[in-house]
Each structure stands twice: as C-alpha cells, then as structure tokens.
Amino acid sequence: MSVSEVIPIITSLSHTDKFRLMQVILTQLAKEDGVPLQAEPASQQDPLFDIIGIAEGEDSDVARRHDAYLYGAS
C-alpha cells in the first residue's frame with residue numbers, strides 16, 4: 001500500500017486513533033533502529049532545572065516578580 005493510499009485512511013481516523021497510530025509507528029521505528037523509548041527525567045531535559053534552588057537569602061520580591069525582572073513586564 002502506498003502513502004497516497006494511506007493518507008485518506010489516516011485523515012478519517014479520530015484524534016485518539018491518530019495518536020495511537022503514531023505510538024505504533026514510533027515504537028516500530030525505535031525497535032527497528034534499536035533505540036530505547038524512555039522519557040528522560042525533566043531535570044535532564046532542561047538545563048535550567050540545574051539552577052533551581054541554588055540561591056539563598058532573605059525573602060525578596062524576586063520570586064513574586066520574576067517575570068518583571070526577566071522580561072521587563074510590569
């Protein structure tokens with residue numbers, strides 16, 4: 001079956017079934033390529049997690065107004 005024959009079938013699937021199809025396809029590709037499908041912990045996905053909690057000090061408005069300090073929002 002060609003891709004042009006499969007597209008109309010996929011288009012007619014429900015949103016949930018499209019996600020299931022994607023999972024099946026990704027699982028099959030990973031198996032064929034020998035790639036493990038494990039999600040990394042959040043701390044390994046974003047280097048900003050490394051700096052959370054390293055600062056110490058008295059209560060300030062930085063926690064409450066961090067958007068203003070980072071983005072200039074008021």
Hits in the range 28-54 (condition: at pLDDT below 75 and surrounded by 10 or more Cβ atoms within 10 Å (Cβ to Cβ)): 43, 44, 45, 46, 49, 50
Residue selected from the range 16-27 under the condition closer than 16 Å to residue 3 by Cα and among the aliphatic types (A, V, I, L, M), by the criterion surrounded by the most Cβ atoms within 10 Å (Cβ to Cβ): 21
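The values are calculated or read from the model by the stated rules, or taken from the named source; none is laboratory data. For clarity, every value in this text was computed on a predicted model and none was experimentally measured. Methodologically, a virtual Cβ is constructed for each residue, glycine included, from the backbone with ideal geometry; neighbour enumeration extends over all protein chains shown.
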